[in-house]
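First up is the structure itself, then whatever we jot down about it.
The values are calculated or read from the model by the stated rules, or taken from the named source; none is laboratory data. Since we're looking at a predicted model, the values are computed, not measured. Ideal geometry is used to build each Cβ from the backbone, glycine not excepted, and the neighbour counts take in all protein chains shown. Protein only, heavy atoms only, side chains kept; ligands, DNA and RNA dropped before computing areas. Shrake-Rupley method; radii C 1.70, N 1.55, O 1.52, S 1.80 Å.
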Amino acid sequence: MYVRVSRPLLAAVVGGALLAAGAIGASPAFASDDRASSIAARAALGDEPTLPTPSLPTPTPPPVTPPPTPSSLPSSVPPPSDPTPDPSNPTPDPSDATPGPSEPTPEPSDPPTNPAPEPSGATPDPSEPTPDPSGPTDPASDVTAPVGVFALSTTSLWVGQRVTLTQGPIHDDTSAPEAISRVVSWGDGTSSTLVAGQAPIKKQYTKNGAFTITLTLTDAAGNTSTATASASTVKVTTPGKFKLDKHDLWSGQRVKVTISAVPAGTTKIRFDWGDGYTSDLSGRNQSFTGFYYHRKSGGLVRGEVTLRATFTNGNGASSALTVGKVNLKKDSWKPVVKVKKPGSANRLKSWKYARGTVTDKGAGVPYVYVWASRISGTKAYCFTPQRKWKRVYSVEEFNDCVPIALKAAGGKWSLKLSGLKKGKLYVDARAWDWADNTSKWSSVNAKITRS
């Protein structure tokens, strides 16, 4: 099962369409200025004349009137001689401030003849509680512990999944429900405090083991009990077993992954390759292959990479489980490409195929890119990925000719030159290996004069 075939990998132009060849990233930069055939194309087609750039009149900006300077303004502005009074704030009459002689001055009132008697008792302290007329409750008389139940959503989990605890009825003979303390011990050294009427609470377990959950209840008098449940122990396990057929890889080299011991009820497995790409797999035992080239975020994958898998069932998703690690080896060798010139190179029948070789000491070469072109007088043609000759009319069009991507078999490659005619033939080839090392150009040309 080649789960990574659909990834956007090494793009090669084959048959006019991008070919996903199993490597991540964009196609190589096909700058063709260094091709040997470019020099001949320039001589045949000539450079395009440079069109003069029309000169446009420079617009004259309109005159700007400068703002008035301080010297043009009057040096002082006299205040108004008769300001208008504000009707909302009238000036007070001085005669209103002084009492008239006809108004008597009030005398202080005499003290009361019979003052109120002092209270006979002490003033009560407002901080002391008011006694309950029905009589106080003696805490020592409450010896009955609260009673309650709880329930768990499951007792079997995978690492990283969550169990849900739901409180049932909890009551006490004297304490109100909200006065009862509720503490959950999850069995892994952690605990949670609940309140009356609280929604169900979830707990995630991050390691394997059997964990006993208890809910401790304490009423206002300090009486303690443990709530009951039909099942209170949760068993946590890790699903699946994993195997890699190799751990040291070249870029582009396939690694086989085997997943076994997949539990019943598994609905999906998400496989993380460690380079930014993931694959969604069915929930069953299986084997598949993959390889590395560029990370999803860009850049060649190098060094150690960790592969992980996440299992999903009715309880949700597990933690990301470590499948294994692979090491992408460093490759500094450049590939070598050669174009073979046939005997009797001046004859058409000798060029039914353009042929050559490619070698690489490291990761290997996925494709050889071949440009075929011919020039007859002042006419230039490119051989397209559709295997047709197309005439071009400028050096720029010639440099934009698209190469044909060829896979090598046993270190050899060949390209059938259908429809070739007499004239000067050029074949240029270049290659990129899986480590993005680039070969030198290899070029041959021949003047075909005979059939």
For the range 372-428: Kirkwood Rh in Å [reciprocal of mean 1/r, alpha carbons] | 12.2
Quote the charge dipole size of the range 184-263 about the Cα centre in Debye, to the nearest 20; the model charges only the Cβ of Lys and Arg (+1) and of Asp and Glu (-1).
-> 520
What is the distance, in nm, between label points placed 7 Å from the Cα along the Cα-to-Cβ direction at Thr306 and at Thr216?
-> 3.6
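For Glu397, Glu304, write out the residues from largest to smallest accessible area, computed with a 1.4 angstrom probe and no ligands counted.
Ranked list, largest accessible area first: Glu304, Glu397.
So if I place +1 on the C-beta of Lys and Arg and -1 on the C-beta of Asp and Glu, and nothing else carries charge, what would the dipole magnitude of the range 152-230 be about its Cα centre? I want it in debye, nearest 20.
Working: 5 positive and 5 negative charges, 100 e Å.
I would put it at about 480 debye.
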Shape call for the range 148-207 from the C-alpha gyration tensor, a ≥ b ≥ c root eigenvalues: rounded (a/c under 1.5), prolate (a/b greater than b/c) or oblate?
-> prolate
Residue-wise, which Karplus ³J(HN,Hα) couplings in Hz belong to the range 235-242, taking 6.51 cos²θ - 1.76 cosθ + 1.60, θ = phi - 60°, and x for glycine or proline?
-> 9, 10, 10, 10, x, x, 10, 9
Ignoring ligands, DNA and RNA, what percent of the accessible area of the range 348-439 is carbon or sulfur (1.4 Å)?
-> 46
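At a 1.4 Å probe radius, which order do Arg355, Arg35 fall into by accessible area, largest first? Let's see the in-between values first.
Values: Arg355 120, Arg35 5 Å².
Correct descending sequence by accessible area is Arg355, Arg35.
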What is the sum of charges around Asp172, taking Lys and Arg as +1, Asp and Glu as -1, for the other residues whose C-beta is under 14 Å from the C-beta of Asp172?
-> -3
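Checking the table Lys202/Lys268; Lys338/Lys361; Lys256/Lys296 against a 18 Å threshold on Cα-Cα, which pairs fail?
On the way: Lys202/Lys268 23 Å; Lys338/Lys361 15 Å; Lys256/Lys296 21 Å.
Pairs exceeding the cut-off: Lys202/Lys268; Lys256/Lys296.
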Calculated P(r) of the range 328-402 - Cα pairs past 22 Å, % | 43
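Any idea what % of Cα-Cα pairs in the range 229-326 are farther than 22 Å? Don't jump to the answer; show the numbers that get you there.
Numbers: 1609 of 4753 pairs.
Every Cα pair in the range 229-326 considered, those over 22 Å come to 34 percent.
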Estimated distance in nm for a label pair at Lys243 and Ser181, the labels positioned 7 Å out from Cα along Cα-to-Cβ | 5.5
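What number comes out for the charge environment of Thr306, summing +1 per Lys or Arg and -1 per Asp or Glu over other residues with Cβ under 9 Å away?
Details: positive: Arg308, Lys325; negative: Asp272, Glu304.
Overall, the nearby charge balance is 0.
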Chain lengthening between Thr289 and Thr438 when straightened (0.36 nm per residue, less Cα-Cα) | 51.0 nm
For the range 330-346, take each phi angle, set θ = phi - 60°, evaluate the Karplus expression 6.51 cos²θ - 1.76 cosθ + 1.60, and give the result in whole Hz per residue in order, putting x for glycine and proline.
-> 7, 10, 10, 7, 8, x, 10, 10, 9, 9, 8, 9, x, x, 6, 5, 8
Rounded to the nearest 0.05, what FRET efficiency is calculated for Arg347 and Arg254 with R0 set to 45 Å and r the Cβ-Cβ distance?
-> 0.55
Rg(Cα) of the range 130-255 divided by 2.2 N^0.38 Å?
-> 1.65
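For the full complex of protein chains and a 1.4 angstrom probe, list Lys243, Lys424 by accessible area with the highest value first.
Numbers: Lys243 135, Lys424 65 Å².
Accessible-area ranking of Lys243, Lys424, largest first: Lys243, Lys424.
Above 24 Å lies some portion of the pair distances; for the range 256-397, what is it as a whole percent of all C-alpha pairs? Present the calculation step by step, with values, prior to reporting the outcome.
Details: 5902 of 10011 pairs.
Across the range 256-397, Cα pairs with separations above 24 Å total 59 percent.
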